[in-house]
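First up is the structure itself, then whatever we jot down about it.
A short reminder: the numbers here are calculations on the coordinates, not readings from a lab. Treat the numbers as computed from the prediction; the structure is a model and nothing was measured. Virtual Cβ from ideal backbone geometry, glycine too; neighbours counted across all protein chains shown.
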């Protein structure tokens, strides 16, 4: 949201007030309180009128500084609020004064503030400057007009501007399909149903991270409007309606550390179950299907040797006009429990589509309406609309009784044998003429609604199935949503442009604290060419999670051509073989908050060539993936400095340069980072197996004096093998701990197998 008319003037119709002079500073416990006035105080008469600003500076965690700025302390401040995991934590901070500068410290972070030329705040990590507010950058804005920027009810705003250094780039802010680097963009935190082809997003996260190794989290569930080097080209501006603004400056020695600190506050990504990393197949959206169709798809995949792990039933498992009834359409699926058992017997899991909207014709609508479980209008009637389902009402998750009722519907499906839910929608939540059960502010509830929704669904699965078997496939999200994995970026078209859009959105989401991500392989809205489908299969099966899903057409590979079948089989089996490596990376993500799908600037921050890369990524610590986006099979990609080994061919390439190579459908740029260990299982033909049995640890380009490590987790999630290898003068010192089973170790150098040995799970050895 823009308030300025160029660099000097405010837009017509507003007054802007800035904290200018510090009147008082004191420390109360672990909070530094600052009282600041909107003008310089020259006489006592200056104290008689005008806005006064109250700062509260604190720290919930080491290396995190919280800034809360309030105009009217006692102005109504309704929820909901983000569920921070540090609400009861209080990091000890210190307050010092040096000359005319006050200094607040938390861990290695430091805030310096002064009012010599107007109020200024500078943030440091150690002695390294990060960002600052300059005089007049912090504003209280009052509209003098009845209608202000088309927002009739919001006449007061708080605004902050944080300085960007030369070359500083901004990432994150959720799943957005606009350019990956956010500099030059206006990004509003407002969940909307827009697909991948617009500036709208399903998952808006008021958190950004920069290549200066710090992040900013704006702790507001309502619409936070970011102007990222746009209105003022050297600043990130963010504004919220109301009388207060709260944000956190999050430090760390690296971007990975920043994400780890951020997810400590907002929640670590839950670890998805092992089976969820296998291939998912959907019935698609508006296609015709019954049990015969479903089983033909399941058998068709298995008969063709494609390791399928999950079948997903989209909307029409329920009767049309009756979403969500939570009841199988009896004419189409007369024996749902038996059908689920028959699918389970083939080694697959079952997922069904749900949403929090109830069509008026659904039997659940009457039940929910009579019990007061739906959002209401101010006149006490039920809020209803016709978009998506005729006469739909929306579950009010601020009502505990409604939550329990909704959980009961989920339990019935879980008891029937359903293993997971695709939680669709959650972003079409009204803000006008609507009343929530607990009195929530509708504008604050809009984005937060999806958090309440996904939390209820995930926790119910966890309660019934157990923590190690719980997963949702979520569409919309806000800050903290990473706790309910996995998140989906879909509604894309079946072309290369949309394929690239999907990846950009996924990379932005993963820079926003989300660990696991998927998308619609082959595109959703239209039927792609066989060429696009085959390239998307490689990309999709080298993402954290992999789902074939369409809109009005099926996504079985034989619907394209026979080569598509071969390509799907090839990459599905490759993912199965890579699961010992992938599951270890997933475990690390759940423990640290560092995403499994990592952007190039996250992993190679100091390499300026990586700063804008949005067509390639790291899959975990050691695998670089660059999908092919051209019909001629040419991939243009960048390898950072170091020695990179192509996983499929063994070719060794010296990095620090751009490359352009042509690939057939069975390959793509897929490189192993030097000094890495990739845990394989060459005998794997499915996604669920004993990952420790027959495991092979392949060591790639381990330089002299360098150490590499790898862990292999079993089916229960316990570490069953922990290996550390150090190259000392060409001798490889191997230390292994874990289950006393044999494993193979292969050492590769210059593209050749240097040594191979069979070792056991405990002990040391020199090779």
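General remarks:
- The stretch 740-767 residues near the modelled residue 587 label - backbone nitrogen below 16 Å, point 7 Å along Cα→Cβ: 740-741, 743, 761-762
- Label-point separation, residue 630 to residue 735 (7 Å along Cα→Cβ), nm: 4.7
- At 0.890 mPa s and 25 °C, Stokes diffusion of the stretch 1-80 via Kirkwood alpha-carbon radius, µm² per second: 162
- Radius of gyration and maximum dimension Dmax of the chain, Cα, Å: 27.2, 88
- With a simple spin-label model that places each label point 7 Å from the Cα along the Cα-to-Cβ direction, the separation between residue 117 and residue 186 comes to 3.1 nm.
- R0 of 30 Å, Cβ-Cβ distance residue 23-residue 76: FRET efficiency to nearest 0.05: 0.70
- Using the Cβ-Cβ distance between residue 744 and residue 302 with R0 set to 30 Å, the FRET efficiency from 1/(1 + (r/R0)^6) comes to roughly 0.55.
- The calculated FRET efficiency for the pair residue 39 and residue 165, based on their C-beta separation and a Förster distance of 45 Å, comes to about 0.90.
- Neighbour-count ranking [beta-carbon atoms within 10 angstrom, fewest first] of 700, 496: 496, 700
- Inter-centroid distance (Cα atoms) of the stretch 205-276 relative to the stretch 734-749, Å: 40
- Amide N proximity, the stretch 354-394 versus residue 337 label position 7 Å along Cα-to-Cβ, cut-off under 19 Å: none
- Compactness index (Cα Rg / 2.2 N^0.38 Å), the stretch 690-766: 1.07
- Placing pseudo-labels 7 Å out from each Cα toward the beta carbon at residue 753 and residue 48 gives an inter-label distance of 9.2 nm.
- A Cα-only calculation for the stretch 557-649 places Rg and Dmax at 15.3, 45 Å.
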